[in-house]
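Below is one structure, written out as C-alpha cells, with a few remarks after it.
The values are calculated or read from the model by the stated rules, or taken from the named source; none is laboratory data. Owing to the predicted nature of the structure, the values given are computational and were not obtained by experimental measurement. Virtual Cβ from ideal backbone geometry, glycine too; neighbours counted across all protein chains shown. Remember, those area values only see protein heavy atoms, side chains included, never the ligands or the DNA or RNA. Shrake-Rupley method; radii C 1.70, N 1.55, O 1.52, S 1.80 Å.
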Amino acid sequence: MTWRRRPLSGRELGIVFALLVLVAVTTAVNPAFLGAQGLHDLFLNASILTLLAVGQTLLVITRNIDLSVGSTMGLTAFLSGQIYVADHDTPVIAVLVAGIAMGAVCGAVNGALVAAAKVPALVVTLGTLYVFRGLDYGWASLTGTRQVNADQMSGQFLAFGSGSVLGVPRLTLIAIVVLVAVNYVLRTMRSGRELYAIGSNPHAARLAGIPAGKRILAVFVVSGALVGLAGVLHAAYFGTINASVGSGEELAVVAAVVVGGVAIFGGSGTAMGAALGALLLTTITGALPILGVPALWQRAVDGAALLLSISLDRAVMARLASRLRRERNARHG
Amino acid sequence: MAEAERAPRPLLELCHITKSFQAVQALRGVSLALPAGEVHALAGENGAGKSTVVRIIGGEHQPDSGVIVLRGEPVRLSSPLQARRHGIAVIHQEPVQFPDLSAAENVFMGRQPLRAGRRIDREAMNRRAAELFERLGVPLDPTRPTRGLSIADQQIIEIAKALSGKADVIVMDEPTAALSAVEAERLFTVARGLAGQGAALLFISHRLEEVYALCDRVTVLRDGALVTSASTGEIDRDTLVRRMVGRAVDHLFPEREPGSGPEALVVRGLNRAGAFHDVSFTVRSGEIVGLAGLVGSGRSELARAIFGVDGRDSGTVMVNGVLLPAANPRGAIDRGLALVPEDRREQGLVPELSIERNASLARLGAVSRHGIVSRSSERATARRWGERLRMTVGRFTDAAATLSGGNQQKLVLGKWLATEPSVLIVDEPTRGIDIAAKVEVHSELSRLAAEGLAVLLISSELPEVLGMADRVLVMHEGRITADLPRERATEETVMRAATGTVDAA
C-alpha cells in the first residue's frame, strides 16, 4: 500500500458517488431535473455556497472557524445595493472591489482578534456574527432603505449576475477559478502546507518556525474577501436585497465543509472536498421537492448529512489508525 | 594559551547562563562547551535544570544573563526558528509531529524543495526524505502520514529533520526514555555517525550506562548549577551518582515511629502494557511507603491504576482485605482509598468553584440528604479540614483559584481526607509549593500515619522520600527494582536502583 496522492481522495469519491445516486434517483422521478435548465440552476445555486465553503476550508484547516460568514455576506450584499441607490451607473468592477474590500476588512477584524488577542475563533466570530448583522440592520434603518430592488440596480450588474459564458453560468466559472486557485495553493505552495501544519499540531508548527499568527490573520482576510465576493454575486444574481441576506448561512457553510471531509479539528481536508460538499447539499435541497419531501425538511436533511459524514470520518479514522498500527507492528516483528 | 591552540574552538559555548522562572532559579551561571565531533552528556536529577539548558539552546527560552557563543560569535537565539537557522537542532523527548502530514513533509516543513514558480517539488522532497531515512537505517515510507508511528520512528523523523537542515549542533533530550534496547542502540549508532561527521551532540539521559556507552564528556547539573564537567574516562559511576545527588538530607522532617499495623494496601502482580509490569507490594496501616523513580518510570501510572482512574491488564488490589474493582474510582473511594493526584490544578481542583465546594466534591454523599447538597454541612466540612491543615483562607466562598499553591495542595489533601480513607496515595504532594507549606504538608502526613493511615508517597524529590518514608520502593522502567527499609535507603542506593545501575532488589 502506498500513500501517493490521487486526483480525488476516498472521501471525495464518496461524495461524487452519493451525488450520482441522488441525481439518478431524482432524475428517474422527474427527468427535467437533469435537463439543461435544471443543471444550470443547480450549478448556479451551488456557486455562492462553494465560494463560502472554500474560504471556510482555509480556516478550518488551521483549526479555526468563521461563524460570521452569513452576516459578512449580508453586509457586503447590502453594500452593493446601497452603492446603486447612491449612483445608479456605478461600474460592476467598482462594486466587486468594494464588496471584496469590505469582506476583507470584516475578516481582518476576526483575524486580528483571533491571532493577536488569542481569543478562540468560535467565540470571536459568534460575536461578530451579531455585530456585523447589527451594523447591517442599523445601516438599513439609518438610510431608510429597507430593501433594494432590481430596478434600482444597473442592468449591467444584473446581467453580470445571471450571465453565462459558453452556457456555463458566470458565477459558476468564478467559483471554479477560486476553487482551482485555492486548491493549488493548498497543495503546492509552502504557505499552503503550513496551514495544514498549524492545524495539525500548533506546538510543532511553532517549533518549526511557522509564523502562525501571520498566517491565520492572512487566512481570515482571504476568507473574508471571498465572502465579500459572494455577497456581491448574491446581490447581482437575486437582484433583491434586504438587511437579512445570508442569515443562517454559516450553518450551511460549515455543514458543506464538514461533509466535504475537512476535519473540524484542523490539519486535513481539501477545498475540492468542501466544494463537492457544497454541491451535494445544494443538490439535496433541489431534489427534495421533486422527491416529494416538503422543503421544510431541508434543514433536517442537511443536518443528517452532516452527522452521517462525521460518523463516517470517525469510522475511517479508527480503521486507518489500526491499519497504521498493524503495519508498524509487522515491521517491528 | 597553549591549551587553546590544542583544543579546537567549540561549535557552541554557553557562558555563565542564568535563568529564573518567577521565584524559581532554574539555572545559576551554567557554562558548557560543545566541540565538534564530541558527544557530550548532560546529567542530573529531575529539576536540576537540564530541560532549561535544552530550551535555551533551542531558542525556546532566552537566558536572563550570560552569553551564547556559536562558532566563536556571540548570538541571540530568540526563537526556535532562529536556533534552527543557526544550525541547531533539538530532538525532544516526546517528538512533535504533524500527524496528518506525510513523513517527508514533517521532515521538510517550511523548507520544502521548490521548483520553478515557488512550487513544492514533491518528487524531490520524497526522494530526499527516503535518502535520509535510508542513511539512518530505517526505511520509512516518506509518503505515509506520521500518525501511528512509534516514538522511535518519530525520533528518526526528528533526526532526519536535523540532518536535512544541515544542523551541526544536535541536542537530544532524553531520546531513549521511550525506546527499546534495540531502538536505543540504533539511535546510538546514528549519534556516533553524526559526531564522526563533525557535529557536536548534547545528549541528555538519566541512564548512566548510556552516558558511558555513548558520550565522551559528561557535565552534571544540580539545582541549576554546574557541579562537574569531566571526560567519561576520568569519572567513575559511583562518583557520578554522588555528584548528581550531592546535597545533604535536610532535617526538616518530623520524627516518627515506623508503622507496623495490619496490611492496609496489598498490590499483587499488577500489569499494564507499556506502563508497568508485575508490580507487587504492601503498605501497612500507620506506615509511610515512599515510591521513588525518575519521571517516566511509571509511578504515576501505577498510582492511577491502583485507584482505578486507568484500567489494568492483570493483577489485584486489596484495601483492608477487600478486593477493589478495576477501573472504578468510586468503588475505590467507597472501600477507603484516596488519591491526591500529581497535578492539583488539572486533576485535583475545580479552580472556579469555591473552596467549600471543592472541599466536599469527593464526598457529596456525606454532605447531602436525598440528593440535595446541604450548604451548611458543606461549609462545616471545609472549616474542619481547613483548621486542621492550617489553611490561610480569607473566605470559604472564594474561588479555589485564589489560593496560593501551598493552600491549594492542602485543600486537595483536605478534600480527600474528608472521605475518611484508610489508605492515602499522594503523588508529588509538595511540588511547586513553598518551604513553609511543605513542612506543614509533611507534618500532616506524619500525623495521619501516626493515627493509623497507610500512606503511599510518590515523589521525585529524594530528600522528601528519604525523610518521610519508613520504606522506599524504587521504580525503573515500569518495574519495582528495589524495596529498601529506612536504614538502607540513601540517595545513592535509591539513585542506583532508579537508573537501573545495579539490581538492588
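The table that follows gives values for the structure above.
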quantity: Test for B:VAL309: is it without any contact (Cβ under 8 Å) to a residue 40 or more places away in the chain, in the same structural domain as B:THR430 (by TED's automatic domain parsing) and open to solvent by 60 Å² or more (accessible area, probe 1.4 Å); calculated: yes
quantity: The range B:84-96, residues that are closer than 11 Å to A:ALA208 by Cβ and surrounded by fewer than 23 Cβ atoms within 10 Å (Cβ to Cβ); calculated: B:VAL96
quantity: Residue selected from the range A:133-166 under the condition among the hydroxyl-bearing types (Ser, Thr, Tyr), closer than 23 Å to A:PRO91 by Cα and surrounded by 14 or more Cβ atoms within 10 Å (Cβ to Cβ), by the criterion modelled with the lowest pLDDT; calculated: A:THR145
quantity: Whichever residue in the range B:104-160 is assigned to a helix (DSSP H, G or I) and in contact with a strand residue (DSSP E or B) (Cβ under 7 Å, 6 or more places away or on another chain) and, among such residues, is nearest to the other protein chains (Cβ to nearest Cβ); calculated: B:GLU158
quantity: Complete set of residues in the range B:255-271 that are in contact with a helix residue (DSSP H, G or I) (Cβ under 8 Å, 6 or more places away or on another chain), open to solvent by less than 80 Å² (accessible area, probe 1.4 Å) and modelled with pLDDT under 90; calculated: B:ARG256, B:GLY259
quantity: Within the range B:196-209, considering residues that are part of a helix (DSSP H, G or I) and open to solvent by 10 Å² or more (accessible area, probe 1.4 Å), the one farthest from B:LEU34 (Cα to Cα); calculated: B:GLU209
quantity: Helices (runs of 4 or more DSSP H) wholly inside the range A:82-195 containing at least 2 residues that are closer than 30 Å to B:ALA103 by Cβ; calculated: A:170-188
quantity: Filter pass, B:LEU226 being within 22 Å of B:SER460 (Cα to Cα) and modelled with pLDDT of 80 or more; calculated: yes
quantity: Test result for A:VAL92, out of contact with any strand residue (DSSP E or B) (no Cβ under 8 Å at 6 or more places or on another chain) and of a type outside the set (Gly, Ala, Ser); calculated: yes
quantity: B:LEU163 closer than 30 Å to B:ALA130 by Cβ and part of a strand (DSSP E or B); calculated: no
quantity: Which listed residue is of a type in the set (A, V, I, L, M, F, W, C), open to solvent by less than 20 Å² (accessible area, probe 1.4 Å) and either in contact (Cβ under 8 Å) with a residue 40 or more places away in the chain or part of a helix (DSSP H, G or I) (or both), from A:VAL245, A:VAL316, A:VAL254, A:VAL301; calculated: A:VAL245
quantity: Residues of the range A:17-54 that turn out to be touching a Ser or Thr at 6+ places or on another chain (Cβ under 7 Å) and surrounded by fewer than 18 Cβ atoms within 10 Å (Cβ to Cβ), as a count; calculated: 3
quantity: Total residues in the range A:172-229, condition of a type in the set (Phe, Trp, Tyr) and either away from chain B (no Cβ under 14 Å) or open to solvent by 30 Å² or more (accessible area, probe 1.4 Å) (or both); calculated: 2
quantity: Test set (1) open to solvent by less than 40 Å² (accessible area, probe 1.4 Å); (2) in contact with a helix residue (DSSP H, G or I) (Cβ under 9 Å, 6 or more places away or on another chain) - B:HIS61 fails condition number; calculated: (1)
quantity: Restricting the range B:458-496 to residues that are open to solvent by less than 10 Å² (accessible area, probe 1.4 Å) and part of a strand (DSSP E or B), the residue that is farthest from B:VAL295 (Cα to Cα); calculated: B:LEU484
quantity: Meets criteria (modelled with pLDDT under 85 and either within 23 Å of B:PRO351 (Cβ to Cβ) or in a strand (DSSP E or B) (or both)) for B:ALA505; calculated: no
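So that you can scan it fast, the table gives a plain yes or no per residue for (1) surrounded by fewer than 16 Cβ atoms within 10 Å (Cβ to Cβ); (2) at pLDDT below 75; (3) in the same structural domain as B:VAL227 (by TED's automatic domain parsing):
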position: B:PRO8; (1), (2), (3): yes, yes, yes
position: B:HIS16; (1), (2), (3): yes, no, yes
position: B:GLN22; (1), (2), (3): yes, yes, yes
position: B:ARG28; (1), (2), (3): no, no, yes
position: B:PRO35; (1), (2), (3): no, no, yes
position: B:VAL39; (1), (2), (3): no, no, yes
position: B:GLY44; (1), (2), (3): no, no, yes
position: B:GLY47; (1), (2), (3): no, yes, yes
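Condition check ((1) of a type outside the set (Phe, Trp, Tyr); (2) under 17 Å from A:ALA204 (Cβ atoms)) across all residues:
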| site | (1), (2) |
| --- | --- |
| B:ARG147 | yes, yes |
| B:ALA152 | yes, no |
| B:VAL169 | yes, no |
| B:ALA184 | yes, no |
| B:ALA191 | yes, no |
| B:GLY196 | yes, no |
| B:PHE203 | no, no |
| B:GLU209 | yes, no |
| B:VAL220 | yes, no |
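Per-residue answers, yes or no, for (1) within 22 Å of A:PHE43 (Cβ to Cβ); (2) polar (S, T, N, Q); (3) touching a strand residue (DSSP E or B) at 6+ places or on another chain (Cβ under 9 Å):
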| position | (1), (2), (3) |
| --- | --- |
| A:GLN152 | no, yes, no |
| A:PHE160 | yes, no, no |
| A:VAL165 | yes, no, no |
| A:LEU173 | yes, no, yes |
| A:VAL177 | yes, no, no |
| A:LEU186 | no, no, no |
| A:GLY209 | no, no, no |
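Let's see how each residue does on (1) over 23 Å from A:THR283 (Cβ atoms); (2) of a type in the set (A, V, I, L, M, F, W, C); (3) at pLDDT 95 or above:
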residue	(1), (2), (3)
A:THR188	yes, no, no
A:ARG206	yes, no, no
A:VAL221	yes, yes, yes
A:GLY224	yes, no, yes
A:ALA230	no, yes, yes
A:ALA256	no, yes, no
